[in-house]
Each structure stands twice: as C-alpha cells, then as structure tokens.
Amino acid sequence: MSKQRVLSGVQPTGNLHLGNYLGAIRNWVEIQSQYDNYFCVVDLHAITVPHNPATLAADTYTIAALYLACGIDLNYSSIFVQSHVCAHSELAWLLNCITPLNWLQDMIQFKEKAVKQGENVSAGLLDYPVLMAADILLYEPDKVPVGEDQKQHLELTRDIAARLNHQFGSPEVPVLKLPNPLIRKEGARVMSLTDGTRKMSKSDPAEGSRINLLDSPDEIAKKIKRCKTDPVRGLTFDDPNRPECNNLLTLYTLLSGKTKEAVAAECQDMGWGQFKPLLAEVAVEALKPIQQKYKDVMDERGYLESVLREGRQKAEAHANETLRKVKAALGYSMPV
Ligand code: TYM
C-alpha cells in the first residue's frame, strides 16, 4: 500500500522562530518517515504584505535551508519553492471564482493583519487563504501539519474543495480530495515572550517577543532574561491567570524533551531567577545542532539549489496533474 501524503509550508518573511519550529516543523520531522511529504516555502504568500524585493530570494533560501537543518530528510520528503510551480497561481484563480467573498472576509488572520495595514490592504491579503487552499489541494494530501493559527484556513480549504466537488464533480468521482489538519496539542500555540496572551509572531515589531532559530546563545539568554513573568513564586502549568508561566514551562518541556509531569515536579518550588537560566540553557542546546547544520547547508549553495530543483520537478508533476483534472471539470480543453 502506498503511503499517505503530507503537505505543509512556511512563509519566507524573516527568520523562523520557536513557534514555527515547535508548532509545525518539528512535527513534520517526527512524522515524515510514515508519509510521502511535500514541504513548500510559500514565497507567493510573502508579498501579501509590503515586502523587500532585495531580500525575498535570500529569505526563501534561508527557510529551505532551515527545513534541512531541522531534520527534513530527502529520503521521505521533497522541498520546493511555491513560485517555482506555476500551478499554484493558476489553481488559486480557478478557486477564486467559486469562493464566496464573505468566506474570506470572515478569516481571523485577515482581520488581524488588515487592521495593521490600515489603508494599504491589498486584494492579495484577502485572497491569501484561497492561494493556501490551492497550495494544499494540488497535492491531494491526507494530512496538513500546522499550528493552531492555521486551523481556520484548513477549514476553508475543505469548504472550497467541497464546493467545487459539489458544483463540478459527482459524489462518486470528486474532483478534489479533502485534507485533514494535523495539529498537535503541545506547541500548537507558542506565545510571545513579552505578552503570554499573544502568539509568538514574525510580524511582532518587538524582537524580544520571539526566539529565532538562528539567534546566538547570547541573544537567546538576553531575551529570556528580559521576558515577561509574574511575581508569584513556584511555577505551575495551566493557571489561566499565569499565561507567561504556562508558556515558559511549555517551552522548557518541549525543548528539554522532558515530560510535563517531570517539569511540573522540577519547577514547582522554583523562582524565576532560578528557572530563566535553565530555560536559556535548554533553548541554546536544542538550537545548537540546527544552527550548525544550517551553516553547513548554506555553505553548499549548489547542493541547496539541486534540492530545490528536484523538489520542484516532483511537485510540478503532481500539481500539474491535479490542475489538469480541475480544468477539465470546469470545462476547459486544450489540444494535446
Ligand atoms: P506561517 O509562515 O505564519 O507559519 C508557519 C507554521 O508555523 C506555525 N506557527 C505557530 N505554531 C505555534 N505557535 C506559534 N506562535 C506559531 N506561529 C506560526 C503556523 O501555524 C504554520 O504551521 N498560511 C501559512 C503558510 C501556508 C501554508 C500553506 C501552510 C501557505 N500555504 C499550505 C500549510 C499548507 C502561514 O502563514 O504560516
């Protein structure tokens, strides 16, 4: 029996942070041997907010190199760049024409980002989830491993696919396959270091709110030293009045590989002065091998390019076949 398929992606906007790693990439690595995997750097999404053309290509390579550095294994997975496979944009257009406008206006991320953009909101920002649906549906994945913040976009993807199937397919022969989100409870929502009620985010102007995968040991220690805490002694999980405490203990648990129970017991009598250096140490240790591997990959630009070329070839074959099916269902025909 052939393996089930996985697809996921990250935007090349700035560096990757611990939220991206613990909410998404670490999970890709853990499950990859059981699936046939496509991991995409979604660079077309990166221009839905103002971007810098001088750094877009370099940022895209950085993310692809970080995929490898975090442990994506080419024996199980393909890595490719979204803009290298034209089918993404073309399917997005076709899906646009069957997606009701009010579905997009209801998206939480659109509302949040639109507020930040003021009058500069592009049609692309509103349309972003349709492009994301195209990214996914082209590869007919069974599972899409993401963090909690992408759940609504996955639901929309399923709704768009079901609508297209209903309008242009038949119950016996659906045109598109409905994917399932894969959201692991642990790490699904890593919170900001400066406000435990907001998620860690690339777009937060406060650099101290996130730990990036490529931060130096010094930067990591400084950010943890300055991060927001509370005046209570004794550290506990799951207290709704102590969001920072829960977040920092969760980070410690995931980065140290200890169980939640072991961490709860270890930290129950600790003060912040004792805990913060411990957290800094496990964060530095967890990121050290990733940073070393990243450096090795970046030193071999030719290798990285060959990975992306091969990834593109495999992705393109699958994507073009799905696109052909959708176009046929919508009534398009092309001489062979
Ligand atoms: P992006 O680039 O914002 O984030 C990439 C992945 O990281 C997860 N994530 C988090 N997880 C836990 N805690 C956090 N604080 C945190 N911040 C981010 C995200 O849930 C995501 O899994 N729209 C997507 C990119 C995308 C995509 C796709 C994903 C485009 N097409 C197709 C999957 C499949 C996004 O902006 O992710």
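Can you pull out the residues in the stretch 31-62 that are in contact with a strand residue (DSSP E or B) (Cβ under 9 Å, 6 or more places away or on another chain) and within 21 Å of LYS143 (Cβ to Cβ)?
Matches in the stretch 31-62: ILE31, GLN32, GLN34, TYR35, ASP36, ASN37, TYR38, PHE39, CYS40, VAL41, VAL42, HIS45.
Looking at the stretch 18-37, which of its residues are polar (S, T, N, Q) and either crowded, with 24+ Cβ neighbours inside 10 Å or free of Cβ contacts under 8 Å to residues at least 60 places away in the same chain (or both)?
Scanning the stretch 18-37 gives ASN20, GLN32, SER33, GLN34, ASN37.
Look through ALA123, ALA87 and report the one residue that is closer than 30 Å to GLN34 by Cβ, of a type in the set (Gly, Ala, Ser) and more than 19 Å from the chain's Cα centre (by Cα).
Testing whether each residue is closer than 30 Å to GLN34 by Cβ, of a type in the set (Gly, Ala, Ser) and more than 19 Å from the chain's Cα centre (by Cα) leaves just ALA87.
For the stretch 157-173, state whether one or more residues are under 29 Å from LYS314 (Cα atoms) and within 9 Å of the ligand (Cβ to nearest atom).
yes
Considering the stretch 54-108 alone, what residues qualify as being of a type outside the set (Gly, Ala, Ser), modelled with pLDDT of 95 or more and part of a loop (DSSP other than H, G, I, E, B)?
Passing the criteria: ILE72, ASP73, LEU74, ASN75, TYR76, VAL85, CYS86, CYS97, ILE98, THR99, PRO100.
Could you identify the single residue in MET334, MET270 that is open to solvent by less than 80 Å² (accessible area, probe 1.4 Å) and outside any helix (DSSP H, G or I)?
The match here is MET270.
Where residues in the stretch 140-156 are under 12 Å from LYS177 (Cβ atoms) and more than 9 Å from the ligand (Cβ to nearest atom), which of them is nearest to the chain's Cα centre (by Cα)?
Filtering first and then ranking leaves LYS143.
This table checks each residue for (1) within 21 Å of LEU66 (Cβ to Cβ); (2) small (Gly, Ala, Ser); (3) open to solvent by 40 Å² or more (accessible area, probe 1.4 Å); (4) assigned to a loop (DSSP other than H, G, I, E, B).
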{"site": "LEU154", "(1), (2), (3), (4)": "no, no, no, no"}
{"site": "HIS166", "(1), (2), (3), (4)": "no, no, yes, no"}
{"site": "GLU172", "(1), (2), (3), (4)": "no, no, yes, yes"}
{"site": "LEU176", "(1), (2), (3), (4)": "no, no, no, yes"}
{"site": "PRO205", "(1), (2), (3), (4)": "no, no, yes, yes"}
{"site": "LEU214", "(1), (2), (3), (4)": "yes, no, yes, yes"}
{"site": "LYS225", "(1), (2), (3), (4)": "no, no, yes, no"}
{"site": "ASN247", "(1), (2), (3), (4)": "no, no, no, no"}
{"site": "LEU251", "(1), (2), (3), (4)": "yes, no, no, no"}
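What is the one condition in (1) modelled with pLDDT of 95 or more; (2) touching an Asp or Glu at 6+ places or on another chain (Cβ under 6 Å) that ARG158 does not satisfy?
It fails just one condition, (2).
Would you mind finding the one in VAL6, VAL29 that is within 13 Å of the ligand (Cβ to nearest atom) and among the β-branched types (Val, Ile, Thr)?
None of the other options fit; the residue is VAL6.
The values are calculated or read from the model by the stated rules, or taken from the named source; none is laboratory data. Nothing here was measured: the structure is a model prediction, and the numbers come from that model. Cβ: placed from backbone, ideal geometry, glycine included. Neighbour counts: every protein chain shown. Note: accessible area is taken over every heavy atom of the protein model, side chains too, but ligands, DNA and RNA are not part of it. Shrake-Rupley method; radii C 1.70, N 1.55, O 1.52, S 1.80 Å.
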